[in-house]
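Colleague: Handing you this structure, nothing more for now.
The values are calculated or read from the model by the stated rules, or taken from the named source; none is laboratory data. These figures come from a predicted structure and were not determined experimentally. Backbone-built Cβ (ideal geometry, glycine too); neighbour counts: all protein chains shown.
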């Protein structure tokens, strides 16, 4: 059983990237989704599902240029913070780093997001 899962959520105007890890070295899920959730529960549901599937709480990092309420997260703030995911998940805000590269898989380089996950949830 895993102690906790680490998830990074990195929303951009054109897409949202999600990375889930079981610790600093093992990636278990990568995703590239539409920019915003289309349903009020769409952001929280995958975190809850990962927690239930793996049998461990999720520590998530929502990447942003500015902390709330200065940045526009729209449904991200509503879905992840107002609902309060305890005991299945909790969400921290972490500053976004500016560098992005693409890899051959079309999902982009996830190293920067991986570092944000490590900084945001491994404290």
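Colleague: Look at region 34-61 and say how many of its residues are within 13 Å of the chain's Cα centre (by Cα) and at positive phi.
Modeller: Within region 34-61, residues that are within 13 Å of the chain's Cα centre (by Cα) and at positive phi number 0.
Colleague: Another question about this same structure. So which residues in region 32-47 are in a helix (DSSP H, G or I) and either out of contact with any strand residue (DSSP E or B) (no Cβ under 8 Å at 6 or more places or on another chain) or surrounded by fewer than 13 Cβ atoms within 10 Å (Cβ to Cβ) (or both), if there are any at all?
Modeller: 45
Colleague: Do we have residue 68 as in contact with a strand residue (DSSP E or B) (Cβ under 9 Å, 6 or more places away or on another chain), outside any strand (DSSP E or B), within 20 Å of residue 118 (Cβ to Cβ) and modelled with pLDDT under 85 here?
Modeller: no
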